[in-house]
Every structure is written in C-alpha cells, then in structure tokens.
Amino acid sequence: MEEKISLNLFYMGLISAILAALCSGFAFFNAFRTQVREDLQQQAQLIASAYEELDDPEQLSLFSSDELRITLIESDGTVLYESAADPRSMENHLDRPEVQSALNSGSGSSRRTSDTLGTEDYYYAMVLPSGEILRVACSASNIYQIYGTAVPYLVVAICILMVMAVVFAVLLTRRLVEPIKKLPESLDDPELASDSKRVYPELR
C-alpha cells in the first residue's frame, strides 16, 4: 500500500512540475514576444529621427545588423532600400499587413514568414514625414535561440522538483500509513487506542 500511495503522490508532483514548467515557458515566450514588438517600435522611431539627417537611403545600412533588418518603402509599395536583399529584385510591398496598417493609422506591426528570406519575422512599420514607410524587422530564430537558452534551466528545475516530489511522497506516505500500521497495537492497549496521534479517529 505504501508503494502505491508514494507512487501516486510522485506522479501528482511530477505532473504539477511539468505543468508549472510549461506554463512558465508559455508566459515567458509571450512576454518576450511583447518585448520584441516594443523594442522594434523604439528602434524604428530612433532610425526615423536619424533618417531625416541622411542624404541617401543607402545610409540606412549604418543602423542595420544581423539581428535588425531595415526596409524603406515608397508610398506606392516600391522598395527603396532593403538591408538584407537587393531591393530591385523585391516585389511590391503595398499589400504587407504592417504597411497597410502604417498607411491607415501611421504605424503597424505583424508576424509572418518572410517571402524574401523564408524566415519567420516580426515587423514594425511607420510612416515618415516624407510619406515613405520605414519598416524594421527581426527574425524569430533569434528569439527562439534566446528562449532555447532558458530550456536547460527549466529541465534542471523539473529534475529538482522530481527529486523533491519523491522525498515528500515517501515522507508523507509514511506519515499517512503509520497510524494504520500501529492499529494492531492499539487493539490490545485501550490507552494507545485513545491516542489521537497514533490512531485516526475513524479507526478508533
């Protein structure tokens, strides 16, 4: 009986630990995605301020990096500058959701697979005073890499919780079963039978 109770308690602890880890990971991922969108918005605003002082769209390359992709789009959807590809080979971007949102409300964001690079990207676009549209993007693979660094910690946490679950399951099972084990002694000794610490009231 002890083994069965301990096993059930262990399974309960293990399931709780896994659910807690999954919920934590989901909450972390959602929070990180929100942070990415906010960071893209801030970077777009900074680049937009600097762009007013530039003479050539090609100078936007000063702000691009492996993590940040910059696109400058004419109001008709023509790509004027692209940091990750040749703009002359790119199709019209007027139908992009973030571009449409920017034209309608001044700014917009979206997440999808890039037709140019084939990666899942986060986009933020805003309309510049000149009427052009500045769009910044980052690849979801960068996010997954950062998220992946947290996975080992989650695994370690689950292992620790599993060990704790085993220890607590054994201790709790012994505490639960001890009064039942002492029942034969209590049947022979009325004083032991009246001891609430040794025998459950239901058994008495």
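Numerical summary
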item: Boolean, PHE26 is outside any loop (DSSP other than H, G, I, E, B) and closer than 23 Å to TYR123 by Cα; result: yes
item: Residue match in the stretch 132-151 (condition: in a loop (DSSP other than H, G, I, E, B), modelled with pLDDT under 65 and more than 30 Å from the chain's Cα centre (by Cα)); result: no
item: Answer residue from the stretch 56-82, given it is open to solvent by less than 40 Å² (accessible area, probe 1.4 Å) and in contact (Cβ under 8 Å) with a residue 60 or more places away in the chain and is farthest from LEU40 (Cα to Cα) among those; result: ILE73
item: Residues within the stretch 76-101 that are among the polar types (S, T, N, Q) and modelled with pLDDT of 90 or more, tallied; result: 4
item: Odd one out for ASN30, checked against (1) open to solvent by 70 Å² or more (accessible area, probe 1.4 Å); (2) more than 30 Å from GLU178 (Cβ to Cβ); result: (1)
item: Residue list for the stretch 83-98, restricted to those being of a type in the set (Ser, Thr, Tyr) and open to solvent by less than 60 Å² (accessible area, probe 1.4 Å); result: SER83
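The values are calculated or read from the model by the stated rules, or taken from the named source; none is laboratory data. Remember, it's a predicted structure, so these values are computed and weren't measured experimentally. A quick note on method: Cβ atoms are made from the backbone with ideal geometry, for glycine too, and the neighbour counts reach across all protein chains shown. Note: areas computed on protein heavy atoms with side chains; ligands, DNA, RNA excluded. Shrake-Rupley method; radii C 1.70, N 1.55, O 1.52, S 1.80 Å.
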